[in-house]
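Report on the following structure.
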Amino acid sequence: MMEELRELYQEFILDHGKNPRNFRVPEGANRSAEGYNPLCGDRVTVTLRLSGDVIEDIGFQGQGCAISTAAASTMTEAVVGQTVSEARALMERYIEVVKGGEGDLEALDKLAVFAGVSEFPMRVKCATLAWHTLTAAMDGEDTTVTTE
Ligand code: ZN
């Protein structure tokens with residue numbers, strides 16, 4: 001991996017791990033799913049407001065390691081405003097890169113820093129948990145989530 005990307009990766013994980021973005025339940029949320037990574041103990045709940053097939057707003061909550069938190073945080077920023085199929089396509093590219101495959105880093109934009117995870121196979125599940133949870137939430141039936 002490029003040295004530059006490695007440094008960016010560490011900075012990124014620290015920043016998002018400490019100050020997660022969209023750590024909340026969106027107003028008017030109508031989809032949610034919970035994810036659990038027993039390997040590491042990461043727990044995440046992804047909640048979104050889907051309008052038609054557009055992700056209008058998305059947030060997450062939960063507790064986990066810095067990588068799982070950073071991955072969920074980055075994911076919410078990456079998919080907001082996207083359609084369900086765009087988010088799925090992005091997830092496929094992301095997972096390929098996280099697993100060390102040949103991916104289009106440029107198309108991944110900020111998510112490209114997670115290519116760093118491929119050097120730590122034990123951490124791949126931490127980095128993909130939120131995305132699998134997002135898929136479950138998008139696939140799910142409409143459920144009303146109470147926002148207090
Ligand atoms: Zn973890």
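Below is a table of values for the structure above.
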quantity	calculated
Top-ranked residue in region 118-132 [being within 16 Å of Arg6 (Cβ to Cβ) and surrounded by fewer than 18 Cβ atoms within 10 Å (Cβ to Cβ); ranked as farthest from the ligand (Cβ to nearest atom)]	Glu119
Qualifying residue in region 17-24 (condition: in contact (Cβ under 8 Å) with a residue 60 or more places away in the chain, in contact with a helix residue (DSSP H, G or I) (Cβ under 9 Å, 6 or more places away or on another chain) and either under 15 Å from Trp131 (Cβ atoms) or loosely packed, with under 14 Cβ neighbours inside 10 Å (or both))	no
Qualifying position, being touching a residue at least 24 places away in the same chain (Cβ under 8 Å), surrounded by 14 or more Cβ atoms within 10 Å (Cβ to Cβ) and within 13 Å of the chain's Cα centre (by Cα), among Thr83, Thr74	Thr74
Ala78 vs. criteria of a type outside the set (Asp, Glu), within 15 Å of Thr128 (Cβ to Cβ), away from the ligand (no atom under 16 Å from the Cβ) and at pLDDT 95 or above	yes
Candidates Ile67, Ile95 - the one that is modelled with pLDDT under 95, over 17 Å from Val25 (Cα atoms), surrounded by fewer than 20 Cβ atoms within 10 Å (Cβ to Cβ) and within 16 Å of the ligand (Cβ to nearest atom)	Ile95
Given (1) within 15 Å of the ligand (Cβ to nearest atom); (2) touching a helix residue (DSSP H, G or I) at 6+ places or on another chain (Cβ under 8 Å), number of the condition Asp104 does not satisfy	(1)
Selection count where residues are closer than 17 Å to Met138 by Cα, more than 15 Å from the ligand (Cβ to nearest atom) and of a type outside the set (Asp, Glu), scope region 5-44	8
Subset of region 64-85 [in contact with an Asp or Glu (Cβ under 6 Å, 6 or more places away or on another chain) and of a type in the set (Gly, Ala, Ser)]	Gly64, Ser68
From the options Glu34, Glu27, residue that is modelled with pLDDT of 95 or more, of a type in the set (Asp, Glu) and surrounded by fewer than 16 Cβ atoms within 10 Å (Cβ to Cβ)	Glu27
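The values are calculated or read from the model by the stated rules, or taken from the named source; none is laboratory data. Remember, predicted model here, so these are calculated numbers, not experimental data. In this analysis, Cβ positions are derived from the backbone assuming ideal geometry, glycine residues included, and neighbour counts consider all displayed protein chains.
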